[in-house]
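Peer 1: Have a look at this one.
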Amino acid sequence: MKYDDFNTLLVHSTGSRTRAIAPAIVPSAAFGYESPQEAEAIFSGELPHPLYARVGSPTVTQLENTVARIEGGIGAIATSSGMGALSMALTAFLGVGDEVLCIGGFFGGTYTLVNETMRRFGIHSHFCALDDFSQIEKRLQGTVKMVLIESVGNPSLQLPDLPRIIQLCNRYNTLLLVDNTVTPLTTRPLEMGADIVVHSSTKAMSGHSAALGGVAVLRATKTENEKLRDPKYKDLHPLLKKMGEKSMIAICKKRALRDIGMSANAFAAFLTMLGLETLALRLERITQSVVTVAQALHEQLPPDIQVLHPSLANHPDHQRYLSDYTEGCGSILTLECGSRERAFALLEHLELVIQTANIGDNRTLALHMASTIYREFDPDTRTCLGVTEGLVRVSVGLENPQAIIDDFVKAATVSA
């Protein structure tokens, strides 16, 4: 699908052609049942009516259906945040003694979730470099039950060989979860053969920073060659028999969402759908702008500040960018300033760019990584995740690209 196809789909997915054409907000936490028989049918899953807002509501369901369509999944589950979506997937499919393999660099919250919080509950994590395929395959031949990877490293900007990783996970009957937050629409992990895709919908999906949210999209359970029927997932087999092709949705709702409650609310879902209507249009503009800005800054910034983006010929993953990321790789570029002091000086002189801990916004954003999101990480961990003392993450927005370029060049020159 190209941007124009998504424009049509998204504009007509979030409202109605008759009566109110905007999405309806249904803020009710509880829903009435016509009879005891209907209540029983709803709780058993025989009737798809609202049960209780912790496990779904009409507004949230509309958002889920839209995101499932654009990702090519059998269904989706919206959550209170991106971390909520990731936590739901981990706790639904894994338990005490299980192992998860994390490939490449990760957003700081993801790293602490798998390396600290999940460990407290007996789920163990291993980490592999992005292209260390001998180590990846060795781990997959063992007892790993889930693999985590980002479609584009945040903030490392590493680009994975997703087809090869998907092939290995499918060969060894291991669930693959892809965080696709940075590249909605432009990367299609489920169509490539992944099992679960998660997003922080707070980011590009909404674009306006007005709605905190997340979503997990899941594939259909297969009738043949279904990896979840492998003996290592035996605790899930009863739900596979009962729920059919939507088993993965049921697993997430019954083994995580229902009991832990990382649920989306109707108003945030409504605001996210408003953002989704223009997602393809915004992404087309931003993915073009980020290339323009990266090239101009590479040429115009002082030599003590290096620009990193896969579209630049000197980036280690440039060839993969050209072959596998033809629609772009999101809104992020990074600036290596060499030291905390140089990074701070640059940021202090920006006039247009907003300093905040977000990406994928309509506005251009910037943040010094080591002193904020990664401030509690030890030096070795920061290095492993691609975070240096001088790293500034930039998320390019919808402004005139030249205005963004001018702001950084002026700030870098004045602060030198």
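The values are calculated or read from the model by the stated rules, or taken from the named source; none is laboratory data. On a predicted model such as this, the values are computed, not experimentally measured, just so you know. Using ideal geometry, Cβ is built from the backbone for each residue, glycine included, and neighbour counts are taken over all protein chains shown.
Peer 1: When you look at residue 87, is it hydroxyl-bearing (Ser, Thr, Tyr), farther than 22 Å from residue 13 by Cα, touching a residue at least 12 places away in the same chain (Cβ under 8 Å) and assigned to a strand (DSSP E or B), yes or no?
Peer 2: Details: hydroxyl-bearing (Ser, Thr, Tyr): yes; farther than 22 Å from residue 13 by Cα: yes; touching a residue at least 12 places away in the same chain (Cβ under 8 Å): yes; assigned to a strand (DSSP E or B): no.
Judged against the criteria, residue 87 is not a match.
Peer 1: Taking segment 95-127 only, how many residues are of a type in the set (Val, Ile, Thr), touching a Ser or Thr at 6+ places or on another chain (Cβ under 7 Å) and more than 24 Å from residue 388 (Cα to Cα)? If you could, list the steps in order and put the result at the bottom.
Peer 2: Of the residues in segment 95-127, the ones of a type in the set (Val, Ile, Thr) are 96, 100, 103, 110, 112, 114, 117, 123.
When the remaining residues are screened for being touching a Ser or Thr at 6+ places or on another chain (Cβ under 7 Å), the result is 100, 114.
Going one step further and asking which of them are more than 24 Å from residue 388 (Cα to Cα), we end up with 100.
Selection size over segment 95-127: 1.
Peer 1: Listed residues 257, 276, 283, 297; which is out of contact with any Gly (no Cβ under 7 Å at 6 or more places or on another chain), buried (at least 22 other Cβ atoms within 10 Å of the Cβ) and under 30 Å from residue 95 (Cα atoms)? Give the steps one after another, and end with the answer.
Peer 2: Values: 276 fails: under 30 Å from residue 95 (Cα atoms); 283 fails: under 30 Å from residue 95 (Cα atoms); 297 fails: under 30 Å from residue 95 (Cα atoms).
Just a single option satisfies the conditions, and that option is 257.
Peer 1: May I pose another question? Counting only residues that are small (Gly, Ala, Ser), at pLDDT 95 or above and surrounded by 15 or more Cβ atoms within 10 Å (Cβ to Cβ), how many does segment 8-40 have? Give the derivation first.
Peer 2: Going through segment 8-40, the residues small (Gly, Ala, Ser) turn out to be 13, 15-16, 20, 22, 24, 28-30, 32, 35, 39.
Narrowing the set further to residues that are at pLDDT 95 or above leaves 28-30, 32, 35, 39.
From what's left, surrounded by 15 or more Cβ atoms within 10 Å (Cβ to Cβ): 39.
Total meeting the criteria: 1.
Peer 1: Does any residue of segment 65-72 turn out to be closer than 30 Å to residue 115 by Cα, in contact with a helix residue (DSSP H, G or I) (Cβ under 6 Å, 6 or more places away or on another chain) and part of a strand (DSSP E or B)?
Peer 2: Among the residues of segment 65-72, not one is closer than 30 Å to residue 115 by Cα, in contact with a helix residue (DSSP H, G or I) (Cβ under 6 Å, 6 or more places away or on another chain) and part of a strand (DSSP E or B), which makes the answer no.
Peer 1: Return the residues of segment 364-387 that are crowded, with 18+ Cβ neighbours inside 10 Å and either over 21 Å from the mean Cα position of the chain (by Cα) or free of Cβ contacts under 8 Å to residues at least 60 places away in the same chain (or both); say none if nothing qualifies.
Peer 2: The answer is 364, 365, 366, 367, 368, 370, 377, 382.
Peer 1: Further question on the same structure: In segment 179-199, what residues are of a type in the set (Val, Ile, Thr) and either over 13 Å from the mean Cα position of the chain (by Cα) or within 11 Å of residue 218 (Cα to Cα) (or both)?
Peer 2: If the condition is that a residue be of a type in the set (Val, Ile, Thr) and either over 13 Å from the mean Cα position of the chain (by Cα) or within 11 Å of residue 218 (Cα to Cα) (or both), then 196, 197, 198 are the ones that fit.
Peer 1: Something else: For a quick check of your reading of the model, give me the residue pairs whose first member lies in segment 124-145 and is under 14 Å from residue 167 (Cα atoms) and modelled with pLDDT of 95 or more, whose second is part of a strand (DSSP E or B) and β-branched (Val, Ile, Thr), with beta-carbon atoms closer than 8 Å and at least 6 apart or on different chains.
Peer 2: Close Cβ pairs (under 8 Å, with a partner that is part of a strand (DSSP E or B) and β-branched (Val, Ile, Thr)) amount to 136/103; 140/147.
Peer 1: Moving on to the next point. Condition check: in the same structural domain as residue 199 (by TED's automatic domain parsing), surrounded by fewer than 23 Cβ atoms within 10 Å (Cβ to Cβ) and within 18 Å of the chain's Cα centre (by Cα). Does residue 52 satisfy that?
Peer 2: On the way: in the same structural domain as residue 199 (by TED's automatic domain parsing): yes; surrounded by fewer than 23 Cβ atoms within 10 Å (Cβ to Cβ): yes; within 18 Å of the chain's Cα centre (by Cα): no.
In short, no.
Peer 1: Every residue in segment 193-212 that is on the phi > 0 side of the Ramachandran plot and buried (at least 17 other Cβ atoms within 10 Å of the Cβ), please.
Peer 2: Step one: of segment 193-212, the residues on the phi > 0 side of the Ramachandran plot are 193, 207, 209.
Scanning segment 193-212 gives 207, 209.
Rundown of residues vs (1) at pLDDT below 95; (2) in contact with a Lys or Arg (Cβ under 9 Å, 6 or more places away or on another chain); (3) closer than 20 Å to residue 245 by Cβ, yes/no style:
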{"site": "6", "(1), (2), (3)": "yes, no, no"}
{"site": "47", "(1), (2), (3)": "yes, no, yes"}
{"site": "55", "(1), (2), (3)": "yes, yes, yes"}
{"site": "80", "(1), (2), (3)": "no, no, no"}
{"site": "91", "(1), (2), (3)": "no, yes, no"}
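Peer 1: Okay, next question. Taking residue 283 as the residue in question, decide whether it is in contact (Cβ under 8 Å) with a residue 40 or more places away in the chain, assigned to a strand (DSSP E or B) and of a type in the set (A, V, I, L, M, F, W, C).
Peer 2: Details: in contact (Cβ under 8 Å) with a residue 40 or more places away in the chain: yes; assigned to a strand (DSSP E or B): no; of a type in the set (A, V, I, L, M, F, W, C): yes.
So residue 283 does not fit the description; no.
Peer 1: I've got another one for you. In segment 388-403, how many are surrounded by fewer than 23 Cβ atoms within 10 Å (Cβ to Cβ) and of a type in the set (A, V, I, L, M, F, W, C)?
Peer 2: Residues flagged as surrounded by fewer than 23 Cβ atoms within 10 Å (Cβ to Cβ) and of a type in the set (A, V, I, L, M, F, W, C) within segment 388-403 amount to 2.
Peer 1: How many residues are buried (at least 23 other Cβ atoms within 10 Å of the Cβ) and either touching a Cys at 6+ places or on another chain (Cβ under 6 Å) or in a loop (DSSP other than H, G, I, E, B) (or both) if we restrict to segment 137-152?
Peer 2: Adding up the residues that qualify gives 4.
Peer 1: Follow-up question, since we're still on this one. State whether the residues of segment 67-87 include one that is in the same structural domain as residue 134 (by TED's automatic domain parsing), surrounded by 15 or more Cβ atoms within 10 Å (Cβ to Cβ) and acidic (Asp, Glu).
Peer 2: Of segment 67-87, the ones in the same structural domain as residue 134 (by TED's automatic domain parsing) are 67-87.
Pick out the ones that are also surrounded by 15 or more Cβ atoms within 10 Å (Cβ to Cβ) and you get 67-87.
Now narrow it down to the ones that are acidic (Asp, Glu): 71.
For segment 67-87, residues in the same structural domain as residue 134 (by TED's automatic domain parsing), surrounded by 15 or more Cβ atoms within 10 Å (Cβ to Cβ) and acidic (Asp, Glu): present.
Peer 1: Would you be able to say whether some residue in segment 397-408 is modelled with pLDDT of 95 or more, closer than 20 Å to residue 151 by Cβ and hydrophobic (A, V, I, L, M, F, W, C)?
Peer 2: No: zero hits.
Peer 1: Is it true that some residue in segment 256-271 is closer than 30 Å to residue 356 by Cα and either aromatic (Phe, Trp, Tyr) or not assigned by TED's automatic domain parsing to the domain that holds residue 200 (or both)?
Peer 2: So the first thing to find is which residues in segment 256-271 are closer than 30 Å to residue 356 by Cα, and the list is 257, 260-271.
Now drop any that are not either aromatic (Phe, Trp, Tyr) or not assigned by TED's automatic domain parsing to the domain that holds residue 200 (or both), which leaves 267, 270.
Yes: one or more hits.
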